[in-house]
Structures are given as structure tokens and as C-alpha cells.
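Peer 1: Sharing a structure with you now.
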Ligand code: TRP
């Protein structure tokens with residue numbers, strides 16, 4: 001199979017490692033693109049995307065979404081009137097943080113711009129099967145509900161968006177899942193995902209489940225997601241055509257820098273590295289004040305030598321998502337490097353943005369409770385049952 005012999009992402013050699021389960025070290029994204037065999041988004045491709053979208057997006061301009069597979073074919077299909085659909089997902093292992101929700105905002109932008117269907121997979125099965133997490137199935141199912149509220153709060157079009165939990169929706173997916181599974185042997189997933197003889201058989205089957213939604217429609221799928229999920233798409237692409245479907249396209253993001261600095265990615269299991277969507281203004285302020293900075297130890301030294309925006313969490317977050325205006329963000333960079341802008345001032349600018357973002361999010365999340373059924377089959381059924389059995393309004 002095509003994947004045998006493909007270079008593994010080996011930390012000892014590169015100083016970093018990116019797998020669907022773990023990101024460590026300082027990621028060299030150009031190197032990753034080579035190892036994964038994806039392509040960088042060129043200026044030309046970006047221009048084409050922006051012109052078909054009828055508008056630009058700061059995460060694209062700044063190459064936060066920086067890599068892709070077959071994005072050009074997606075645009076061909078769109079232009080030719082065949083259209084395409086979007087698919088993304090969430091592993092419900094706990095509360096969502098800012099790093100989790102940003103790709104959903106980008107996905108919403110794509111949906112708005114191209115008016116396309118979007119499928120959002122909630123992998124309550126996957127997070128239960130990952131034994132080291134120690135979560136019960138009840139727990140991953142409860143987190144699914146909580147996470148779905150956060151996802152709905154992003155503001156997707158309810159007429160074009162379907163959010164489903166694997167454990168509930170499996171009956172609809174199983175016919176496709178076994179067709180996928182029959183084409184993928186153990187050696188292959190072992191090579192791609194690093195499974196071994198201790199890996200439970202649920203995990204070994206699971207890649208089939210994550211591949212299925214990329215086959216939900218008989219047209220091309222585009223998956224916006226962080227680059228660590230790409231190994232699944234690689235497998236999908238090797239088998240899709242033999243099943244009569246399109247190879248999926250993908251658009252990959254970099255990771256948001258954790259509060260602790262440039263290594264690894266934000267992790268909900270290391271609470272101090274992340275700002276959660278439920279955090280209040282006070283804890284946002286406290287966490288950002290404690291975040292890693294690229295400033296000098298004293299104001300005098302900072303004025304003299306300037307700071308380093310490349311490792312400064314506050315600047316990096318503004319660049320990644322929170323300051324949409326390119327001119328403003330470039331000014332911040334210049335002023336930081338020249339020493340005119342202090343680390344504390346950079347942090348204050350970020351705090352204001354994040355607090356506003358979370359206020360809006362938390363409000364929208366409250367409203368999402370009433371919208372839940374518009375996005376989920378389970379919710380629709382539950383509401384019908386509630387109304388017919390109890391005659392009450394939900
Ligand atoms: N495996 C992903 C996670 O652990 C969840 C997921 C399922 C996903 N399908 C996806 C993520 C599609 C991005 C795109 O978070």
C-alpha cells in the first residue's frame with residue numbers, strides 16, 4: 001500500500017512530533033508538510049480561493065491555515081457547479097478551549113462563503129476507546145452534549161449543518177464503515193497510527209469511523225482541521241475511489257501556541273496551558289498575565305533591545321486569530337521589536353479581545369440550548385418524545 005515506507009514523524013530526529021494523539025516540541029511546519037506529503041497553500045491558490053469566496057480571511061492570509069490536499073480540485077468542482085461539502089469534528093474528552101473552537105470559526109466562514117453542507121462528527125467512541133484518558137462512556141457522552149453547545153454557539157447555518165455523535169448515529173454509518181474497514185489491514189493502520197499488539201481492537205477499527213463522514217456525499221469533501229488529523233485523510237484518499245467516492249480534500253491549520261510558550265499544543269489535560277470557553281474575565285486576565293512572553297526581564301532592557309514576537313504568546317494569539325486587521329497586527333510586531341510596546345501592554349490588548357470573544361461566545365452558548373435540536377437528529381427525536389409523552393415544551 002502507498003503508505004508503507006512513508007517517513008514516520010520521529011521526534012528524536014526532528015525535535016518535534018505530531019500525531020493524532022499528541023503534539024510535542026516546536027513544530028517545523030514546512031518539514032511536516034514534506035513528511036505528511038501535503039502541499040503549502042501558494043499565493044496563487046489563495047487568490048483563487050478568495051476570489052471564489054468573494055472575500056478574504058485573516059487566517060488564510062497569515063497561513064494559519066497553511067497546507068492542503070486537493071483544494072484546487074474543490075475549487076474546480078465549485079466553479080463547475082458540482083459543489084462540495086465540509087466535514088470536521090471534535091473528540092469530546094473534556095471542556096473545550098480556545099484552540100479547539102478557532103477552527104470551527106474558520107469552518108463557519110467557509111460554509112457562509114460557499115453555502116455548503118457541513119457534517120460535524122462528535123467522537124464519543126474514540127475518546128472512550130483511548131484508554132489512557134480513563135473516561136467512561138457516560139463521561140464522553142456528557143462531554144459530547146457540552147461540546148455540541150459550544151460548537152452551535154459558533155453560528156452555523158442550521159439548514160446546512162448536521163452534528164452527530166458516533167454512538168448514536170452508528171447505525172447509519174456502519175454500512176460504509178465496514179466497506180472501508182475491509183480495505184484497510186492491520187499493518188497499514190499500524191504504520192500510519194503507530195498501533196501495536198497492545199492496542200485495543202476498538203482503536204484499530206476506529207479509523208474507519210473517522211473516515212466515513214468524508215464519504216457522506218457523492219461529491220468532494222473538504223475537511224478543515226488541524227494538521228495532526230491528516231493521517232486519517234491519507235487512508236481515506238487511498239481507498240475512496242475504489243469504493244466509488246471522491247478522494248477527500250483537506251485544509252490544514254497550525255496549532256495555537258499554548259500559554260506556556262512555543263512548545264507543543266494547548267491541552268485540556270494541562271489546564272494552565274489553555275483558556276477555556278467557560279473561563280470568566282478574571283481568570284482570562286490572570287492566565288494571560290502569567291503566559292510566556294518574548295519580552296526582556298526589565299523595562300529598561302526591553303526599551304533598549306525590544307521583544308521577540310515569535311515566542312510571545314500574546315502576540316502570537318493576536319496574529320493567529322484575535323486581531324483581524326493586518327495593519328494593526330504588523331504595527332504591534334514592529335512596536336514590540338523596537339521596544340516601544342511592552343509585554344504587559346501586548347497582554348492587555350489580548351486580554352480585551354479574548355474577554356470580548358468569550359462574552360459573546362458564552363451568550364451564544366446559552367442560546368444554543370434551544371437550538372440543539374435544529375442541528376442533531378437525537379435532539380429532534382428527544383424533542384418529539386418530550387412533547388408527545390409529557391406534553392411539555394422543551
Ligand atoms: N479525532 C478528532 C479529535 O480527537 C475528532 C474528529 C473526528 C475530527 N472527525 C474529525 C477532527 C474531522 C477534525 C476533522 O479531536
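Peer 1: Cα axis of helix 98-114 to longest principal axis of the chain: angle in degrees, 0 to 90, nearest 10?
Peer 2: With both axes taken from Cα atoms, the answer is about 70 degrees.
Peer 1: Sticking with this structure for a sec: Take the chain, connect every pair of alpha-carbon atoms lying under 10 Å apart with a spring to form a Gaussian network, then pick out the residue of 260, 338, 144 with the largest mean-square fluctuation.
Peer 2: Judging by the Gaussian network model, the answer is 338.
Peer 1: Right, here's the next one. Report the relative contact order of the chain, percent, no decimals, based on alpha-carbon pairs under 8 angstrom and at least 6 residues apart.
Peer 2: Contact order relative to length: 18 percent.
Peer 1: Tilt of helix 166-181 relative to the longest C-alpha principal axis of the chain, in degrees (0 to 90, nearest 10)?
Peer 2: Taking the Cα atoms of the chain, the angle to 166-181 is about 80 degrees.
Peer 1: By count of other Cβ within 10 Å, fewest leading, how are 356, 265 ordered?
Peer 2: So the residues, fewest neighbours to most, are 356, 265.
Peer 1: Okay, moving on. Could you work out [θ]222 nm for the chain from helices alone, using -39500 (n - 2.57) per DSSP H run of at least four and dividing by all its residues? Round to the nearest 500 deg cm²/dmol.
Peer 2: So the calculated ellipticity at 222 nm is -15500 deg cm²/dmol.
Peer 1: If the elastic network links every pair of Cα atoms under 10 Å, which of 130, 300, 241 fluctuates the most in the Gaussian network model of the chain?
Peer 2: Between 130, 300, 241, it is 300 that shows the largest mean-square fluctuation.
Peer 1: Right, something else. As a test, work out the antiparallel percent of DSSP beta bridges whose residues both lie in region 7-259, rounded to the nearest 5.
Peer 2: Given both bridge residues lie in region 7-259, the antiparallel proportion sits at roughly 35 percent.
Peer 1: Could you please rank 109, 289, 233, placing first whichever residue has the fewest other Cβ atoms within 10 Å of its Cβ?
Peer 2: 289, 109, 233
Peer 1: May I pose another question? Could you tell me how many degrees, from 0 to 90 and to the nearest 10, lie between the Cα long axis of helix 281-290 and the main elongation axis, the longest principal axis, of the Cα atoms of the chain?
Peer 2: That helix lies at roughly 60 degrees to the long axis.
Peer 1: With springs connecting C-alpha atoms under 10 Å apart, model the chain as a Gaussian network and identify which of 292, 195, 322 has the largest mean-square fluctuation.
Peer 2: Greatest mean-square fluctuation among the candidates belongs to 195.
Read the figures in this text as sums done on the coordinates, not as results from a lab. Predicted model only: the values in this text are computed from it and were never measured. No Cβ is skipped: glycine too gets one built from the backbone with ideal geometry, and neighbour counts run over all protein chains shown.
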